Amino acid sequence: GVIAMFSGVTLNWWAVLVAAFIPMVTGMIWYNPKVFGQMWMKANGLEMDDLKKDNIGQLYFLQFVAALVMTYVTALFVMFVNPTTAADGFMLGFWLWLGFLVAGAVGLYVWPPKPLNLFVMDSIYKLINIFLVIWLLISWK
């Protein structure tokens, strides 16, 4: 059963931990005001002052926990699928992205309706992250 499937799981925990920082770093770049940050804020109806009201430390901590969970689950998929080439890893990343990240996020963008460019911007960010996370997990065995 499912429990037996995970009983012999051996993951490279250092790789999982380091890979969890990938979305943090790419997010700082991707959503920087000089890259897509201004467009993202406009699509969300936010101003810079709105972001200053939040507890940034707490938000980064929550984002890191989410990234750690995503990286752990992705590592399980990498272990079970065992992609051996970069092309295999990219295919795994594409299907995880499309099946879970994109399909799972659609409801957040249609209820209530949000701009299409916001959905595309966030989805591409997630695709880049899953590719980089899988590449690191495959490379660091």
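Cut-off under 27 Å on the C-alpha distance; same-chain residues fewer than 8 positions from Lys52 excluded. Which lysines are left, in chain and number order?
Lys34, Lys42, Lys114, Lys126
Order the following by accessible area, largest value first: Tyr31, Tyr72, Tyr60. Probe radius 1.4 Å; ligands, DNA and RNA are ignored. The partial results should precede the final answer.
Numbers: Tyr31 60, Tyr72 80, Tyr60 105 Å².
Largest accessible area first, the list is Tyr60, Tyr72, Tyr31.
Got a number for the accessible area of Val9? Probe 1.4 Å, square angstrom, nearest 10.
40 Å²
Taking only the Cα atoms of the chain, how large is their convex hull per residue, in Å³? Present the calculation step by step, with values, prior to reporting the outcome.
Working: hull volume 18.7 nm³, N = 141.
It comes to 133 Å³ per residue, whole-number rounded.
Excluding residues on the same chain fewer than 8 positions from Lys141, give the aspartates and glutamates whose Cα lies under 20 Å from its Cα.
In chain and number order, the partners are Asp88.
Which whole DSSP H helices in the chain pass both tests: a Cα extent of 24 Å or more along the axis and a mean Kyte-Doolittle value no lower than 1.6? Please report the intermediate quantities before stating the final value.
Values: long enough: 56-81 (37 Å, 1.91); 116-139 (34 Å, 1.79).
Span-like helices, by this rule, are 56-81, 116-139.
At what distance in angstrom do the alpha carbon centres of the stretch 10-65 and the stretch 109-141 lie from each other?
Going from one Cα centre to the other spans 12 Å.
Using every alpha carbon pair in the stretch 83-141, what percent of pairs falls into each 5 Å bin from 0 up to the bin containing the largest distance?
Final binned percentages: 4, 19, 25, 20, 13, 9, 6, 3, 1.
Pairs of alpha-carbon atoms within less than 8 angstrom and 6+ residues apart define the contacts here; what relative contact order does the chain have, in percent? Working shown, then result.
Details: 95 pairs, mean separation 55.7, N = 141.
In percent, rounded to a whole number, it is 40.
The values are calculated or read from the model by the stated rules, or taken from the named source; none is laboratory data. Just so it is clear, the structure is predicted and the values come from calculations on it, not from any experiment. When the accessible area is computed, the model is the full protein with side chains, heavy atoms only, and any ligands, DNA or RNA have been set aside. Shrake-Rupley method; radii C 1.70, N 1.55, O 1.52, S 1.80 Å.
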